[in-house]
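Input: a single structure, listed below in structure tokens.
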Amino acid sequence: MKEAMMSYRLTALLLIVGIVFQVSAAQQEISLKTEMVKTKEGEAVHWMPGQIKVKQGDHLKFTVHHDLDAGFDFHGFFIPSLKIAKQVSRHKPLVVEVTIPKDMKPGEYDIGCQFHPKHVPAKLQVESALTETPKH
Ligand SMILES: [Cu+2]
């Protein structure tokens, strides 16, 4: 009887801990595409949108499009911090799924192109998965 009580208390404690440290990891579908933008040196290809916000533990499904008629026939989809280095050809969307590691340091990471140094990277902004409790 005493043991049952203990296990009940332990379960309750674990539940409370679970609620306090509730994480908000989610599924995200992200569509990226090549776009021409003007830079100081002229025109360059840019991955757009330029900024993508995700959280630690999020499962991401990227669909990467290259539908520009001008310029290179393919571009790179390059996220070194997530060990992704793929090639995306014109009019052949590439699907890449990846989970942001729960221990990935919050901050900004490049989504670049490993083939073209002038290709402007988009920024993957990784935020902490811990939900912040407002303090009063
Ligand atoms: Cu490129």
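Read-outs throughout are calculated quantities, based only on the coordinates presented, and are distinct from any laboratory measurement. In this text, all values refer to a predicted model and were calculated from it rather than measured experimentally. Backbone-built Cβ (ideal geometry, glycine too); neighbour counts: all protein chains shown.
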Segment residue 116-residue 59, length gained on full extension (0.36 nm per residue, minus Cα span): 17.8 nm
Förster radius 25 Å - calculated FRET efficiency between residue 89 and residue 127 (Cβ-Cβ, nearest 0.05): 0.20
FRET efficiency, 1/(1 + (r/R0)^6) with R0 35 Å, evaluated for residue 103 and residue 40 via beta carbons: 0.40
